[in-house]
Structures are given as structure tokens and as C-alpha cells.
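Report on the structure given below.
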Amino acid sequence: MDIKLLADNGTSAETFSAPDTVFARDYNEALIHQVVIAYQANARSGNRQQKDRSEVRHSTKKPFKQKGTGRARAGMTSSPLWRGGGKVFPNSPEENFSQKVNKKMYRAGIRSILSQLARENRISIVDEFTLEAPKTKLAADKLRSLGLESVLIITDAVDENVYLATRNLPNVAVIETRYADPLSLIHYKNVLITKPAIAQLEEMLG
């Protein structure tokens, strides 16, 4: 798969031959959906909690007499039918939202996403991505010269200057190859990958 190779000034006169094992796979929408949903579910902390009828604050006194009022029978105000009563099936903080995805499926999903991004010309490759100083303006100017606004930068090792310069840019993220996840790949409009990161991706996913 030939992917455009960007120079520092944003020109792309050359192309880079990316490995077909990673960037030329078929698009599998069902697999990508499953991988993304599982990734989001596994990120949930599961710390929400509701109270059942034994945990809500209430009195054990009978609200009104059993007969003669014309109303339905009631024993306690903790009933789920009453306002302020307990929940029938309350959410527990121990609730587990995780979904299991096999390693082969996860890697296949990442390959499918990268292949589709390559076909849509949303992936660009650079020799390296470095900055002279940790200045946000330098990072913004460099990305503007490359023609990139919303971009995920994947590199073999995150340079400290690059990390400090891009952390305040709202539509830019810099990650190492091992931390590339399906949600980030589809969230940003473009993906910028360095040549050493391409080799790492081939080793991880090929």
C-alpha cells in the first residue's frame, strides 16, 4: 500500500510503501464495531450505585390503615412504587462492564481500521516528528504547514518537546505505537505516523 510521504514543508512528492499485511486489509465493519464497543466498555469504571428498598431512608411504620381508605395497600414507604422508595434492580458499584475480545480479533480490527484510513487518504507518513523547543506555537505552525488540524500522531517514542508542545492543542494527540487504540484511530480526522512507528506496527500487527 503506497501512502504519501510528507516533508517538513507539507509537500508530498514521494510515497512510502507501507506493508500490505497492516495497511491493505479488507474493511470489516462488524469487527471494527465490536472492537470499538468493547474498548469503550472496558474503559468504564463501574462506580455508579443505586439503593434498594432496604438501603433508602424510611420508616417502618405503616403509612395508612389497611382498609377503608380506597387506596392500594401499603406497608412501607420504601416500596419501589413510592417516591423516594428503593430501586427494584439497583446498579451496583461492583458491576462489570468489560467485554472479552480475542487478541487476534483486536489486531485484525486495528488492521482493518488502518487499511480503511489508508484507502481514504487519511494517513500520512513522516521521517520523524520533532520540535526544537516545547512551544505550542511551534507545534501548531508545523501541523499547519503539514495541512493537518485534527490529527493523531503515532511515533516510536514520544519526544518530551513534542508532548509538552501538543498537550494544549484540542484536536491533536501524540502516542507511542504500543498505545494505538481503535477509538483514537477513528476519532481524529487524520493519522500521522513516523517511519520507525510503521516498522513497529508491522511487528505488532503483521
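Of S115, S92, S54, which is the most mobile in a GNM of the chain whose springs link Cα atoms less than 10 angstrom apart? Residue with maximal mean-square fluctuation among S115, S92, S54: S54. With R₀ fixed at 22 Å, the C-beta to C-beta distance from S150 to L183 puts the FRET efficiency at about 0.95.
In plain terms, the chain from K135 to E160 could stretch by 7.9 nm, reckoned as 0.36 nm per residue minus the Cα-Cα distance. Computed over the chain with a Gaussian network model linking Cα atoms closer than 10 Å, the most mobile of T21, T177, T60 is T60. Taking one quarter of the surface of the convex hull spanned by the alpha-carbon atoms of the range 45-120 gives a direction-averaged projected area of 9.6 nm².
The GluC sites (Glu not before Pro) of the range 1-68 that DSSP puts in a loop, and whose beta carbon has at most 14 other beta carbons within 10 Å, are E55.
Between A133, A74, A165, the residue with the greatest mean-square fluctuation in the GNM of the chain (Cα pairs under 10 Å linked by springs) is A74. Of the three principal axes defined by the Cα atoms of the range 7-78, the extents in descending order read 89, 29, 20 Å. Taking each of K135/K189; K4/K104; K100/K142; K61/K87; K104/K135; K135/K195 in turn, the alpha-carbon distance tops 31 angstrom for K100/K142; K104/K135. Share of carbon and sulfur in the accessible area of the chain stands at 47%, probe radius 1.4 Å. Computed over protein heavy atoms with a 1.4 Å probe, the accessible surface of the range 57-179 works out to 66 Å² per residue. With 0.36 nm allotted per residue and the present C-alpha distance subtracted, the E55-E95 stretch has 12.6 nm of extension available.
Rg/Rh for the chain (Cα atoms only, Rh after Kirkwood) is 1.28. Distance from the alpha carbon centroid of the range 48-86 to that of the range 127-185 works out to 57 angstrom. Annotation: extensible slack from E29 through T11 equals 3.2 nm (criterion: 0.36 nm per residue apart, minus Cα-Cα distance).
The values are calculated or read from the model by the stated rules, or taken from the named source; none is laboratory data. Source: prediction; values computed, not measured. We place every Cβ from the backbone using ideal geometry, glycine too, and count neighbours over all the protein chains shown. Surface accessibility is based on the protein's heavy atoms, side chains included, excluding ligands, DNA and RNA. Shrake-Rupley method; radii C 1.70, N 1.55, O 1.52, S 1.80 Å.
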